[in-house]
Amino acid sequence: NAGVTQTPKFRVLKTGQSMTLLCAQDMNHEYMYWYRQDPGMGLRLIHYSVGEGTTAKGEVPDGYNVSRLKKQNFLLGLESAAPSQTSVYFCASSFPLAGVIYEQYFGPGTRLTVT
Amino acid sequence: GENVEQHPSTLSVQEGDSAVIKCTYSDSASNYFPWYKQELGKRPQLIIDIRSNVGEKKDQRIAVTLNKTAKHFSLHITETQPEDSAVYFCAAKATGKLIFGQGTTLQVKP
């Protein structure tokens, strides 16, 4: 199993450009998440999905959109990139057990720089 | 809203000493509390977790304690080793998601 994979690993964008980050998991997990990680800020949840075709906003959703058309994929879009979106982006997935356990498996991360 | 506070933000110990990291949470409905370790340039990985019906859990040199009344939980690492140096995150379960603390950078000096 590949686990959770992210594409691309690195990207440099100019202000105003758009891009899509792809997250894929082969563990048949129901739940998927997008986080951003900035120094001293921990892991902040951008958007998440509790199942195919569903999405919800996290702590910092502004400037991002997501789609979950297939259970194994979760896409994060930036329509008009801003320097404030320079960050490391992590995708994660989880399979709730008895509605309690939420162990999350993380992808390797995408380092995005917006100039 | 849902919030998790983590302290300290940085912690430096001598090899062989113990390290303690503390977290408080706001949502009294939270019932699952994991701890993640993130080495430099790597992804976060689960190291230990605890459910709300348990007060303490141990796994070799790592232990986690939970005080539901006070809404705080702690990570204890004994006999620290240089390879324990990393960023540690606590988290608390909310509906469909986890809320993470800000992270603690642990440095173990040889």
* Asked: Once you treat every alpha carbon in the protein assembly as shown as an equal point and sum by Debye, what is log10 I(q)/I(0) at q = 0.10, 0.11 Å⁻¹?
  -> -0.45, -0.55
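How big a patch of accessible area, both sides summed and in Å² to the nearest 100, lies buried between A and B at a 1.4 Å probe? Don't skip to the end; give the middle numbers.
On the way: alone 6200 and 6360 Å², together 10790 Å².
What A and B bury together is about 1800 Å².
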* Leaving ligands, DNA and RNA out of it, report the carbon-plus-sulfur percent of the accessible area of the range B:30-110 at a 1.4 Å probe. => 46
* Just the accessible area per residue of chain A, please: how many Å² with a 1.4 Å probe? -> 46
* To do: Would you work out the relative contact order for chain A, in percent, from Cα pairs under 8 angstrom that are 6 or more residues apart?
  => 34
* Structure fact -> Regression test value, accessible area per residue of the range B:55-110, probe 1.4 Å, units Å², expected 46
* Please list A:111, B:61, A:11, A:36 in order of solvent-accessible area, largest first, computed with a 1.4 Å probe with all protein chains present. => A:111, A:11, B:61, A:36
* Asked: residue B:7 accessible area, nearest 10 Å², 1.4 Å probe?
  -> 110
* Structure fact -> Taking every other residue with Cβ under 12 Å from the Cβ of residue B:67 and scoring Lys and Arg +1, Asp and Glu -1, one gets +2
* Interface residues in the range B:31-63 - accessible area drops by 30 Å² or more relative to the isolated chain, probe 1.4 Å -> B:32, B:36, B:38, B:43, B:44, B:46, B:51
* To do: Leaving ligands, DNA and RNA out of it, report the carbon-plus-sulfur percent of the accessible area of chain A at a 1.4 Å probe.
  => 54
* Between beta-carbons, use under 14 Å as the cut-off and find the net charge around residue B:2, counting Lys and Arg +1, Asp and Glu -1. => +2
* **Rg over Rh [alpha-carbon atoms, Kirkwood Rh] for the range A:1-72** => 0.96
* **Cα-Cα separations in the range B:1-47 greater than 14 Å, expressed as whole percent** => 66
* Tell me, what is the Rg over Rh of the range B:1-81, with Rh the Kirkwood radius over Cα pairs? -> 0.97
* Structure fact -> Once all protein chains are kept in place, residue A:71 shows an accessible area at probe 1.4 Å, nearest 10 Å², of 40
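The values are calculated or read from the model by the stated rules, or taken from the named source; none is laboratory data. It should be emphasised that the depicted structure is a prediction, and the values quoted were computed from it without experimental measurement. Neighbour counts run over all protein chains shown; Cβ positions are idealised from the backbone, glycine included. For accessibility, only protein heavy atoms count, side chains too; no ligands or nucleic acids. Shrake-Rupley method; radii C 1.70, N 1.55, O 1.52, S 1.80 Å.
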